[in-house]
Amino acid sequence: MNAPPLLDIRNLTVEFATRRGTVQAVKAIDISVGKGETVAIVGESGSGKSVTSYAVVRILDRAGRVADGSISFSGIDLVGASEAQMRDIRGREISMIFQNPRAALNPIRKVGRQIEDVLLQHVRATRATAREKAIEALEKVRIARPQERYDAYPFELSGGMCQRVVIALALACQPQLLIADEPTTGLDVTTQKAVMDLIVELTRERGMSTILITHDLGLAAAYCDRVVVMEKGRVVETAGAAEIFRHPQHPYTRKLMKATPRVGMSLHDLLPEGAPASGTAAASAPARAPGAGPLLLVENLVKEYPRPAQGSFLARLAGKAEKPAEPFRAVDGIGFSVERGETLGLVGESGCGKSTTSMMLNRLLDPTSGRILFDGEDIGAIPARRFAASPFRRRIQMVFQDPTDSLNPRFTAERAILDPILRMGAIRGGAALRARCEELAQLVGLPVELLDRFPHQLSGGQKARVGIARAIALDPDLVILDEPTAALDVSVQAVVLNLLDDLKQRLGMSYIFVSHDLNVVRLLCDRVIVMRSGQIVEQGSAEEVLGAPKAAYTKELLTAIPHPPA
Amino acid sequence: MLSLIGQRLKTTIPSVIGVIIVTFLLTRVLPGDTAAYFAGPAATPQAIAEIRSKLGLDQPLPVQFVSYVSALVKGDLGTSLTTGQAVTADLAQRLPASAELTLLGLLISMAIALPLGVLAAVRQGSWIDHLCRIVATAGVSLPVFFTGLLLVYVFYFILGWAPAPLGRLDAFLSEPPRVTGLLLVDSLVAGDGETFRAALSQILLPAVTLAIFSLAPITRMTRASMLAVLGADFVRTARASGLSSRKVIGTYAFRNAMLPVVTTLGMVFSFLLGANVLVEKVFAWPGVGSYAVEALLASDYAPIQGFVLTMAILYVALNLLIDILYGVIDPRVRMEG
């Protein structure tokens, strides 16, 4: 650390003007990044990690401003620099990669043209050479057939491919510093690994410095030299990646580390020290209606989607079009069972058919063929649009992925929780409904005084609790959980996972837990099914499948999880 | 692209059939008796009955409908009783006048509204944003006949800059050879500068009147749509990669923001085309709007039916054009063809 750092942030304070006065999003932080160094900024939502990076390249939105402190980048004062100077620095000296790569690209401009725009802006190419250089940039991020991809629009590319384009865009002008803001959030584990490996390789090759902004401590530790932990706008700890895992100093870092699911932990280990043990006085599962056999038995389940017909309209009109292609099989003949009181994990990457499967089991979607036996009855034979009227509806409920999007913004928490009861007409009368609602709120640990609030007045964790309370309102036998914690911070996820486990013990339900996070599945599930391209690759107990996988694909998934240094 | 057009055309067939039936029925339930109107106040009941049977109005409705449709298939919209001419000839004469006025009005409106909306969004909360709000509110709250009369009063009566508001062309000039029916275009085709200037000076005031009225929806839509796009992730990416603000706003934001604006433009255009009766009245403009209103007052069926049908077909054609434009702007739409 003798040479002056490439980026030196000192005493930086960023303020936002809001309706309720000025809010400090970043409070007097110091961060420095050396030449060729990779630094992670880790924190949960609202920690100010993204705002810090926006302040560095000065793309804060209108309401935000740097109130105090200095940012110097290889001797240039970025806070005081003119807009024209900043424009030359952005993209040429400092570039950014964002999360949600598809939205980060202009939807109606060819990706090649978007790379050209940057090259031309920074005079790295002339009109004559731009195309060639853009294709070269695509080649460098290992996009297959870059000549063709030049003419592709973002919607024609997969998420991982779009992220590669964004990386190509960011690295096109060979900047000295790359800021990657949650570059792999929302991507599958194997894609995440490929993208991260690519970023690290390309930046090392060029001797670039990198700032990786992430909420995932494991990812930070696996790929970075140094880790900066932020909480509520302050830097609470800065240390070497290996060091921070071995000896976390600050209580917040410890809490964050504890909450990150890892191999060899139990669910309760995720909670901070001194938290009440789950299932207090576990008046264990009230005996459910006894029934023979498994609760759910799925046999040879298939879902097909027709492919769009080929050929132009005129050709089709003339009857000259080719025959429509074979229908696409999203779910291709799978079979499994769920025992009473069991949690079954459904694992796979995007497009593997796990969501289609969960929609069919929940009877929101009709299967093409196969049987779904629930408590011995073939509920697959009841059409999805009439299932709401079936007595089975109340016995199968669902918790959805995004706690915000799955709540009606015009309903209070109470109305949302009571929604299934009102529709199924189990309880009548205002007082009785309110009593039941309060009982449910207590079950899921939602303070009763929050029941009159609207979703936008609740935090992410509280909204997740409302979603769970709604799902258990009718005492279902089976709850299908579709990535219920994917949108939550790790510490909130820890609490929600414990809550789910606790509820299962108390109410004796069965769960189907759909997730792409193998570490979470390992903690919560008794048995696991691994899916790929609509088929089951492997199934068995969680220990077997995730501890000693047999299928090559499961092994691949497991190795793709970032492993922090031990 | 062709298949997209083909598919859109197919979906318009039912709506055109619907329009034919509805206009026929609507004109029949209108109050007023055509035969009595044309026979004059002093006519005897026998004379009225005679006219009625001559017009075929004594036939049952289904029979009338069949004869209407079979004439329609041959391209015959019937004869106007007020002008004594074939409705097709009347419309062919008057539609270009309306189209020219509306098009020019819309062009003026776009030339002001699009930059104003974009600037208002880029400098949100500045004086230009407030100006945008004032212009839009004023434009939409002043009735067109009022702005029209005000313009005539100021520019013709007081300043004397504009010619008398009496139709499309000075009575002493002769129309250029008809090519498109749009005088501005035809005079240019004929290379007749004097006629062009005269036609322009006649059309300017009514076109501005229309433009003032249609400013509001276009400005507001442009501003809202620009604001949404400027907050999008890809604009952030463009900024973070150092693109100039001209590139970011012009190429990245504006083209994306145009999608909803194009839809609004189509709606405003078709609305103006049929609804600018008041402007046509104020400026003695021989357009279709005033033609239809006069026919309506006289219970003259044929022109009304012809007018509504023409408008419906124009509307369908316009929507098709917008769909094609959408496909040009947005590659995602092109895929669905």
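The values are calculated or read from the model by the stated rules, or taken from the named source; none is laboratory data. If you're wondering where the values come from, they're calculated on a predicted model, not measured in any experiment. Positions of Cβ are backbone-derived with ideal geometry, glycine not excepted, and every protein chain shown enters the neighbour counts. Each accessible area value is taken on the protein alone, full model and side chains, heavy atoms only, with ligands, DNA and RNA left out. Shrake-Rupley method; radii C 1.70, N 1.55, O 1.52, S 1.80 Å.
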- Selection from the range A:430-481 of residues surrounded by 20 or more Cβ atoms within 10 Å (Cβ to Cβ), hydrophobic (A, V, I, L, M, F, W, C) and assigned to a helix (DSSP H, G or I) yields A:Cys437, A:Leu440, A:Ala441, A:Val444, A:Ala464, A:Val466, A:Ile468, A:Ala469, A:Ala471, A:Ile472
- Task: Would you check which residues across the range B:217-232 are within 10 Å of chain A (Cβ to nearest Cβ) and either open to solvent by 30 Å² or more (accessible area, probe 1.4 Å) or touching a residue at least 60 places away in the same chain (Cβ under 8 Å) (or both) and list them?
- Result: B:Leu230, B:Gly231
- Query: Limited to the range B:233-254, what total is found for residues that are open to solvent by 10 Å² or more (accessible area, probe 1.4 Å) and more than 7 Å from chain A (Cβ to nearest Cβ)?
  - Reply: 6
- Candidates A:Ala552, A:Ala566, filtered to the one that is over 24 Å from the mean Cα position of the chain (by Cα), modelled with pLDDT of 90 or more and open to solvent by 50 Å² or more (accessible area, probe 1.4 Å): A:Ala552
- Message: Criterion first (touching a residue at least 60 places away in the same chain (Cβ under 8 Å) and among the acidic types (Asp, Glu)) does A:Asp188 satisfy it?
- Response: yes
- Condition broken by A:Leu105, with the remaining ones in (1) open to solvent by 40 Å² or more (accessible area, probe 1.4 Å); (2) at the interface with chain B (Cβ under 9 Å from one of its Cβ atoms) satisfied: (1)
- Can you find a residue in the range A:118-127 that is closer than 22 Å to A:Thr191 by Cβ and either under 25 Å from the mean Cα position of the chain (by Cα) or in contact (Cβ under 8 Å) with a residue 24 or more places away in the chain (or both)? no
- B:Gly167 vs (1) under 24 Å from the mean Cα position of the chain (by Cα); (2) closer than 30 Å to B:Ala257 by Cα; (3) among the small types (Gly, Ala, Ser): all pass except (2)
- Query: Where residues in the range A:147-163 are under 19 Å from A:Asp197 (Cβ atoms) and more than 14 Å from chain B (Cβ to nearest Cβ), which of them is least open to solvent (accessible area, probe 1.4 Å)?
  - Reply: A:Gly160
- Message: So in the range A:388-426, with the set limited to residues that are touching a Phe, Trp or Tyr at 6+ places or on another chain (Cβ under 8 Å) and closer than 22 Å to A:Phe374 by Cα, which one is surrounded by the most Cβ atoms within 10 Å (Cβ to Cβ)?
- Response: A:Ile396
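Might you check whether a residue that is part of a loop (DSSP other than H, G, I, E, B), touching a helix residue (DSSP H, G or I) at 6+ places or on another chain (Cβ under 6 Å) and more than 9 Å from every other protein chain (Cβ to nearest Cβ) occurs anywhere in the range A:70-78? Before the answer, list the steps.
Filtering the range A:70-78 for residues part of a loop (DSSP other than H, G, I, E, B) gives A:74-75, A:78.
From what is left, the residues that are touching a helix residue (DSSP H, G or I) at 6+ places or on another chain (Cβ under 6 Å) are none.
Taking every residue of the range A:70-78 in turn, none turns out to be part of a loop (DSSP other than H, G, I, E, B), touching a helix residue (DSSP H, G or I) at 6+ places or on another chain (Cβ under 6 Å) and more than 9 Å from every other protein chain (Cβ to nearest Cβ).
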- Mind counting the residues in the range A:30-51 that are over 25 Å from A:Gln493 (Cα atoms) and hydroxyl-bearing (Ser, Thr, Tyr)? 2
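Any idea which residue in the range B:1-59 is nearest to B:Val308 (Cα to Cα), counting only those that are hydroxyl-bearing (Ser, Thr, Tyr) and within 14 Å of another protein chain (Cβ to nearest Cβ)? Let's see the steps before the verdict.
To start, the set of residues in the range B:1-59 that are hydroxyl-bearing (Ser, Thr, Tyr) comprises B:3, B:11-12, B:15, B:23, B:27, B:34, B:37, B:44, B:53.
Okay, now just the ones that are also within 14 Å of another protein chain (Cβ to nearest Cβ), so B:3, B:11.
On the way: B:Ser3: 29, B:Thr11: 19 Å.
That would be B:Thr11.
Among the residues of the range B:73-83, are any surrounded by 13 or more Cβ atoms within 10 Å (Cβ to Cβ), out of contact with any helix residue (DSSP H, G or I) (no Cβ under 8 Å at 6 or more places or on another chain) and either over 23 Å from B:Leu273 (Cα atoms) or charged (D, E, K, R) (or both)?
Scanning the range B:73-83, I find no residue that is surrounded by 13 or more Cβ atoms within 10 Å (Cβ to Cβ), out of contact with any helix residue (DSSP H, G or I) (no Cβ under 8 Å at 6 or more places or on another chain) and either over 23 Å from B:Leu273 (Cα atoms) or charged (D, E, K, R) (or both), so the answer is no.
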- Query: Which residue out of A:Ala277, A:Ala285, A:Ala281 is away from chain B (no Cβ under 14 Å), within 30 Å of A:Leu488 (Cα to Cα), modelled with pLDDT under 60 and open to solvent by less than 60 Å² (accessible area, probe 1.4 Å)?
  - Reply: A:Ala285
- Message: Give me the residue from the range A:115-134 that is modelled with pLDDT of 90 or more and open to solvent by 90 Å² or more (accessible area, probe 1.4 Å) and, out of that set, farthest from the other protein chains (Cβ to nearest Cβ).
- Response: A:Glu132
- Item | Index of the failed condition, A:Val521 passing every other in (1) out of contact with any Asp or Glu (no Cβ under 8 Å at 6 or more places or on another chain); (2) surrounded by fewer than 19 Cβ atoms within 10 Å (Cβ to Cβ) | (2)
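Quick one: which helices (runs of 4 or more DSSP H) sit completely within the range B:232-337 and have at least 3 residues that are over 25 Å from B:Val118 (Cβ atoms) and either under 13 Å from the mean Cα position of the chain (by Cα) or modelled with pLDDT of 85 or more (or both)?
Details: elements: B:233-240, B:255-275, B:277-282, B:288-297, B:301-329, B:331-335.
Result: B:255-275, B:277-282, B:288-297, B:301-329.
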- Message: Testing A:Ala137 on (1) more than 17 Å from the chain's Cα centre (by Cα); (2) among the small types (Gly, Ala, Ser); (3) away from every other protein chain (no Cβ under 14 Å), one condition comes back false. Which one is that?
- Response: (3)
- When the range B:258-282 is checked residue by residue, the ones that are among the aliphatic types (A, V, I, L, M) and more than 11 Å from chain A (Cβ to nearest Cβ) are B:Val261, B:Val262, B:Leu265, B:Met267, B:Val268, B:Leu272, B:Leu273, B:Ala275, B:Val277, B:Leu278, B:Val279, B:Val282
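Could you tell me whether the range B:182-190 includes any residue that is in a loop (DSSP other than H, G, I, E, B) and within 13 Å of another protein chain (Cβ to nearest Cβ)?
Going residue by residue through the range B:182-190, those that are in a loop (DSSP other than H, G, I, E, B) are B:182, B:190.
Cutting the leftovers down to within 13 Å of another protein chain (Cβ to nearest Cβ) gives us none.
No, that holds for no residue.
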- Message: Could you check the range A:1-21 and list, in sequence order, the residues that are touching a strand residue (DSSP E or B) at 6+ places or on another chain (Cβ under 6 Å), in contact (Cβ under 8 Å) with a residue 40 or more places away in the chain and open to solvent by 20 Å² or more (accessible area, probe 1.4 Å)?
- Response: A:Asp8, A:Arg10, A:Asn11, A:Glu15, A:Phe16
- Among (1) in contact with a helix residue (DSSP H, G or I) (Cβ under 8 Å, 6 or more places away or on another chain); (2) free of Cβ contacts under 8 Å to residues at least 40 places away in the same chain; (3) open to solvent by less than 70 Å² (accessible area, probe 1.4 Å), A:Pro383 falls short only on (1)
- Task: Only residues in the range A:133-155 that are on the phi < 0 side of the Ramachandran plot count as the first member; pair them with residues that are of a type in the set (Gly, Ala, Ser), Cβ under 6 angstrom, at least 6 apart or cross-chain, and list the lot.
- Result: A:Lys133/A:Ala125; A:Ala134/A:Gly112; A:Ala137/A:Ala168; A:Ala137/A:Ala172; A:Leu138/A:Ala168; A:Val141/A:Ala168; A:Tyr150/A:Gly112
- Task: May I ask you to list pairs of residues, at least six apart or on different chains, whose Cβ atoms are under 6 Å apart, with the first in the range A:203-223 being at positive phi and the second being of a type outside the set (Lys, Arg)?
- Result: A:Gly207/A:Gly36
